Every structure is written in C-alpha cells, then in structure tokens.
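First comes the structure, then the notes that go with it.
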Amino acid sequence: MKRFFTILLVFGLGIVKAQTGDVSGDGGFSGAYMEVGTARSYGMGQAFTAVSDKPEAVFYNPAGLGRVNEPNLILMGAQTYTSTSSIVSFDMPWAIFGTMNLAYAGSYSYINPSDSTMPSKVYANQSAVWFSYGKKIKFISFGFNGKFFLNSLYNYQATGFDLDAGVMLYPMSFIRNLPFDLLTVGLSVKNILKAKYKLISEEEQLSQIVNLGIGASLWDNKFNIGIDSRGVISDSGVVLSPRVGFEIIPISLFAFRVGGNKDVASAGLGYEFNITHGIGLAVDYALLFNYSAQEVAAPVHKLSLNFELRPFGGFWLEPDKKVLTSSHDRLKIDLHGNVQFKGRISAWEFLIKDRGGNVVYRIKRNVLDVKDELPGSLSWDQRNNVTGNPVDNGVYFYEIRVFDKLGDELRYKGRLVTINWGK
C-alpha cells in the first residue's frame, strides 16, 4: 500500500508526460492561465459552474464550497515539452459554519522572446493563490475568492489582486423527499475588479468572466450533468463558449466522464477508495483532444489526486470489522467527529446501502433533547430493517445526513463493510 501511495503521489505532482501542449481551450485572453481545474472537471468538459462540490469549486464557482463538508487536499500536475503546471487545493469545513479553502496554481516554461534585449531563451512563470469561503443555507449557497497573481518573465515581474464571487440555487429544496441537488443553477463572476498590471512596457487588464450553468444529479448521484455558458468580457467585446459534461457512476467507487466545449473534447475516469477509514483517496484521469487546432495536436493527459482527510476536522465512521463472515456477527460502528454537531442540528439520518444504492437499513431522529443527538456509536445486525430479512453477501456503504437548525443538509458517505458468509 505504501508503494502504491508513493507512486500515485509522484504522478499527482505532475510527472505526466507525452503531450505537446495544453488543449484546455482557455487561451487567447488576459488571465487565461487562471482558468484551471482538476482531472474530474476536465473530464466533464469544465462544465462545472453548477456541479462544483469539491475543492476545485474555487476555480469555477466558489459557492460550491458550501457543499463541501470534509477536509480535502487536491494535487494535480502536467508536464509538456514546453511547460510544467501544478495545482494544490486544500479546504477545511467548519461543521455548519461553511468551508474555507486555500489553493495554488502555477505554470512554468522556457520561451523564446521577441525582445532583442533578452536572451534567446528565458524563464516565464504565471501563478496565483486563492483564499476562498463558501456556505450553503437552505436553497442557496454563496462563495467568494480573493486571489493574488504573479507574472514573471526574465527580470520582469507583475503582481495583482482580484475577486471572484458566485451563487448556487437548489430549486428542489422546496419539494419534500427530493434531494436538494437534484437540480442546481450556478452563476459566477471572475475578476470583478478587472485588475491591471504591467509586465514589461504595456499595461494589461484581466478579462472579466461570467459563467452561467445548470446541473442535474440523478439516480442517487449516479448520473451527473453539467451545462455551462461562459462569457469572456474584454475591450474587444464578449466571447461566448458553451460547455457540456456528463459523469456516470454505474457502481460505487468507479466513475466515467465525457464532455467538451467549442475547442476541446474530453473523456475521463475516476476511482475512489479508502486508505484508512479516516482517509480516502480519489484518483481522477482526463484525456483532452483539441479538434479546433489548425495542426493536429497530441492529446493532453491530466491526473489529479483528491485526499479526503476526515481526521483533520471532518466526520467519518469506523466499523470494528472490515469483513463479516457469520450471519450472527453484529457490526459496531464508531462515529468520529460527532461532537461538532452537539446542540447545532435539528435532525439526522443514518443509511446503509448495497453496491447498487438500495437502502437496506435506515435510522432517522429528530433532535428534541440531548438523548436524540447524533451518537458516538451505532450497531447493525446485518438485517434489512424494512423487511426484517438478512441482507445478501456483498459490499455495503454508509450515508449520514445531518440537518442543521436552518434546515440545511450535510451528507457524509463512505464504504462500511463487506459481508461474506461463505457457502
């Protein structure tokens, strides 16, 4: 496991080769290098304005941070024949108070400048740091970014600061017994200040970007859709670009993605597993094809790692057994991090699902007194508490839903146990 972990980390830090250029379709305007994402979002064509629900939300719509309820660390990198780029994003949720995020993205390359006063090949760097916050309240979430950026070329440097803001609406929140994220509408505005900077002699200004998106999450989050329209606003006018993406999760742990925009077609894969019960890892890969280029461009590969660091302020479940081999076994389940919800929630629900997403066990409590609070442990007798029958052999997953006193819902999911009674 340690060797596998090390190999993944090396890849995630950017040792991904065999490509000739970035084909994300985000070139051609000032500040385009800050239009980045992760392998998951690239695989879905970057149609993420209304889909963002993990740390990459800072790059698309910071309101998506309001849907993040576990500490996450994302690493992504890519190395081409001309440049090296990397992304690091870390978020820290504060129980029911929202989520903070710190992110970095940078691109480094050697170029041949046209300026005769410079050497024939010089070092160029474009990088940015984001400080972000997002919070969900009932049918709406909001978020904002403050970002510092740096451009350097040879002995010249330029720095600046700008702001992004975003909102997400959840129309299905008004309908009982429907998931709040069944349908989402997202809006984000980037580079609100339209910051100006001067690198060598000419002054440049960041282009303002407006993203409007619709997202849908169907069949218990097994089929996700994102449709975006992006507008880049500059002195020369407005350039519109549609984006669309799909994510299919046929069975727990595996994901397949496809997407595209007017310049790029993409496809991707994802695999998620637990390193320990407190730490999870999602490995995402994307393959991008630029079909609008005048010359045939080699495809670009993106690989990112998303570490779920639940012990650093999150909430997670830990069963006393990984495998149950007898129908007489009772599973004891410890709930770590439940203290953060004491006195702050109105209800909670605990679900156990089979690999197909079917609920086999359910407990729901309204918090009317101290005795109704989310407990420190639960147990399960391997029976379906609806039919009363023993469940079948297989892998089972948990989901806990926590409802705060404003009516907002937090969800926590993970792998619980394998049942194998033998013949």
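All of the numbers you see were taken from the coordinates with simple rules; none came from a lab. Bear in mind that the values here come from a model prediction, so they are computed numbers and not experimental data. Because the Cβ atoms are built from the backbone with ideal geometry, glycine has one as well, and the counts that use them run over all protein chains shown.
Numbers below:
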quantity	calculated
Debye, to nearest 20: dipole size of the chain, +1 on Lys, Arg Cβ, -1 on Asp, Glu Cβ	1040 debye
Taking the chain and dividing mean pair separation by its residue count, relative contact order in percent (alpha carbons under 8 Å, at least six apart)	15 percent
Neighbour cut-off at most 12 other Cβ (10 Å), DSSP loop, chymotrypsin sites (Phe, Trp or Tyr not before Pro), the range 177-230	W219
Protection proxy ranking, peptides 363-372, 41-50, 263-272, 230-239, average beta carbon neighbours within 10 Å, highest first	41-50, 263-272, 230-239, 363-372
Assigned charges on the beta-carbon of Lys, Arg, Asp, Glu; the range 230-277 dipole about Cα centre (debye)	100 debye
Efficiency of FRET from Cβ geometry, L182 and S229, R₀ 25 Å, rounded to 0.05	0.75
Gap separating the Cα centres of the range 240-258 and the range 384-423, nearest whole Å	25 Å
³J(HN,Hα), Karplus 6.51/-1.76/1.60, whole Hz, each residue of the range 374-386, x for Gly, Pro	4, x, x, 7, 9, 9, 9, 9, 6, 10, 6, 7, 9
Filtered GluC sites (Glu not before Pro), the range 167-215: DSSP coil and at most 15 other beta carbons within 10 Å	E202
Total formal charge among the other residues, if their Cβ is under 13 angstrom from that of L416, Lys/Arg +1 and Asp/Glu -1	+2
Karplus 3J(HN,Hα) series, Hz, for the range 188-202 with 6.51 cos²θ - 1.76 cosθ + 1.60 (x for Gly, Pro)	9, 10, 10, 6, 4, 7, 6, 4, 9, 8, 10, 8, 10, 10, 8
For the chain, projected area of the alpha-carbon convex hull averaged over all directions, nm²	22.5 nm²
Net charge contributed by nearby residues that have their C-beta within less than 10 Å of S217 (K/R +1, D/E -1)	-3
